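Read through the structure below, which is laid out as structure tokens, and then see the notes.
The values are calculated or read from the model by the stated rules, or taken from the named source; none is laboratory data. In this text the structure is predicted, and so the values were computed from the model without any measurement. FYI the Cβ positions are ideal-geometry reconstructions off the backbone, even for glycines, and counts take in every protein chain you see.
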Amino acid sequence: MGAPTNGTAAPPPVPGGAVRWGIVGPGHIAGVFAQGLRLARGGTLHAVASRDPARAAAFAAEHGAARRHGSYDDLIADPEVDAVYVATPHAHHAAPTVAALRAGKPVLCEKPLGIDPATTEQMLAASADSGTFLMEALWSRFLPAYVALRDELAAHTIGRPEHVEAELGFRASYDAGHRLFDPALGGGATLDIGVYPLQLAMLVLGPVEDVTASGSLAPTGVDASVVAELRHAGGTTSRVVASLTEDLPGTAQVLGTHGRLELPGPMYAPQALRVLTTAASPDGPEIVSDTTLAAPFEGGMQFQVEHVHACLAQGLRESPVMPHAVTRHLASVMAQVRRQLGAV
Ligand SMILES: NC(=O)c1ccc[n+]([C@@H]2O[C@H](COP(=O)([O-])OP(=O)(O)OC[C@H]3O[C@@H](n4cnc5c(N)ncnc54)[C@H](OP(=O)(O)O)[C@@H]3O)[C@@H](O)[C@H]2O)c1
């Protein structure tokens, strides 16, 4: 994939063929991605790379990858790998992503794309310079409930959205060396789980103009919990909670002028969307309809994977559903949140 493009002109990596994926970093989420690939149309798991050859071999055997590599660079150089999924801890997303893009390999990189705005910008620049597809793996956006949510917003079913409430939290046992708490691995609630409610607020209400955040820090100095109140363009508002210290129901709500949309927990992978419409009555808003949309599904990653396949088949450099501008804005908002908390 050679000449730089402005977003639509790169040739598909495998015209007419199934995309042969290579996974970098065979940890927890890489296994979930491998399951998603099995459920998705248009691609196969072909190769896996670990810093430890034995781990690569074990993952390849478990998930049926034909090739395994003992270094990330070897997988990126493998001519049989068409696209790369980066599943390392946040602080280690940039190096393999940039290397793969420079080699002309499309990349799906786990969230958050970069650990800060500057790193994110370098990664997006590598996509722009090489004319190669890059997407931050915010898989929620491709799930049936999120597709239904976008459709309901476009149809103005609940009128004008005015406020979003979204929370995500689980009690993680504290381990200073774990990627959730280790600053060197990009630890903290905002980057790990806050990204989900934040991207939902932006999806519904658009860019954030003002951030007010408070919360608590873990002993390592990363943010353990955060409450962020955001003002969006046009004066709408959202309230986002992310916690590594509390088990929260993980629900989300969009409040509109004529009803509300509800995502059940966990809001990063909801199985359904509840749509309630209201009308004014002397006693206040009255519910006039209550519908549940979107069928339950197995897995979940397959929707994101099929979206990437469609983007590649069309020669796109970025996803229209998770575009680079949203990734860039998310990185900026997360940096503001973390700065206000004084997080490392
Ligand atoms: N989409 C989702 O729902 C979801 C859920 C969980 C996590 N994630 C994202 O996925 C990424 C990985 O999370 P995970 O929970 O899968 O992590 P994990 O289980 O700890 O695995 C990460 C892998 O990265 C590799 N790695 C490279 N450098 C490393 C280093 N310095 N320290 C530790 N591991 C290193 C390791 O593979 P080798 O040593 O074998 O090379 C390891 O297996 C994170 O960015 C996270 O935000 C997404």
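Would you mind finding the one in Ala310, Ala325 that is out of contact with any strand residue (DSSP E or B) (no Cβ under 8 Å at 6 or more places or on another chain), part of a helix (DSSP H, G or I) and assigned by TED's automatic domain parsing to the domain that holds Gly104?
Exactly one residue qualifies, and that residue is Ala310.
Tell me, which helices (runs of 4 or more DSSP H) lie completely within region 93-195 with 2 or more residues that are closer than 29 Å to Leu273 by Cα and either in contact with a helix residue (DSSP H, G or I) (Cβ under 9 Å, 6 or more places away or on another chain) or in the same structural domain as Arg260 (by TED's automatic domain parsing) (or both)?
In region 93-195, the matching helices (runs of 4 or more DSSP H) lie at 144-154.
Consider region 182-203. How many of its residues are more than 16 Å from the ligand (Cβ to nearest atom) and surrounded by 23 or more Cβ atoms within 10 Å (Cβ to Cβ)?
1
Yes or no: region 258-276 includes at least one residue that is loosely packed, with under 14 Cβ neighbours inside 10 Å and either β-branched (Val, Ile, Thr) or not in a strand (DSSP E or B) (or both).
No, because not a single residue in region 258-276 is loosely packed, with under 14 Cβ neighbours inside 10 Å and either β-branched (Val, Ile, Thr) or not in a strand (DSSP E or B) (or both).
Where residues in region 196-218 are among the aliphatic types (A, V, I, L, M) and part of a strand (DSSP E or B), which of them is nearest to Ala331 (Cα to Cα)?
Out of the qualifying residues, it is Val208.
Working only within region 224-238, note down all residues that are surrounded by fewer than 24 Cβ atoms within 10 Å (Cβ to Cβ), assigned to a strand (DSSP E or B) and touching a residue at least 24 places away in the same chain (Cβ under 8 Å).
Ser225, His232, Thr237
For region 17-36, enumerate the residues that are among the hydrophobic types (A, V, I, L, M, F, W, C) and within 12 Å of the ligand (Cβ to nearest atom).
Ile23, Val24, Ile29, Ala30, Val32, Phe33, Ala34
Please work out if Met322 is within 16 Å of the ligand (Cβ to nearest atom) and either under 25 Å from Ala228 (Cβ atoms) or surrounded by fewer than 19 Cβ atoms within 10 Å (Cβ to Cβ) (or both).
yes
How many residues does region 131-145 hold that are crowded, with 24+ Cβ neighbours inside 10 Å and within 11 Å of Pro106 (Cβ to Cβ)?
So the count comes out to 4.
What's the number of the condition Gly221 fails, among (1) part of a loop (DSSP other than H, G, I, E, B); (2) surrounded by fewer than 18 Cβ atoms within 10 Å (Cβ to Cβ); (3) not assigned by TED's automatic domain parsing to the domain that holds His163?
Result: Gly221 passes all but (3).
Between a first residue in region 197-217 that is hydroxyl-bearing (Ser, Thr, Tyr) and a second residue that is surrounded by fewer than 19 Cβ atoms within 10 Å (Cβ to Cβ) and in a strand (DSSP E or B), which pairs have beta carbons less than 7 Å apart while being 6 or more apart in sequence or on different chains?
Qualifying pairs under 7 Å: Thr212/Glu229; Ser214/Val227.
What are the residues in region 37-61 that are within 13 Å of the ligand (Cβ to nearest atom) and part of a helix (DSSP H, G or I), if any?
Pro53, Ala54, Arg55, Ala56, Ala57, Ala58, Phe59, Ala60
Conditions (1) in contact (Cβ under 8 Å) with a residue 12 or more places away in the chain; (2) under 28 Å from Val344 (Cβ atoms); (3) within 16 Å of the ligand (Cβ to nearest atom), marked per residue:
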position	(1), (2), (3)
Leu75	yes, no, yes
Pro79	no, no, no
Asp116	yes, yes, yes
Thr120	yes, yes, yes
Ser130	yes, no, no
Ala172	yes, yes, yes
Gly177	no, yes, yes
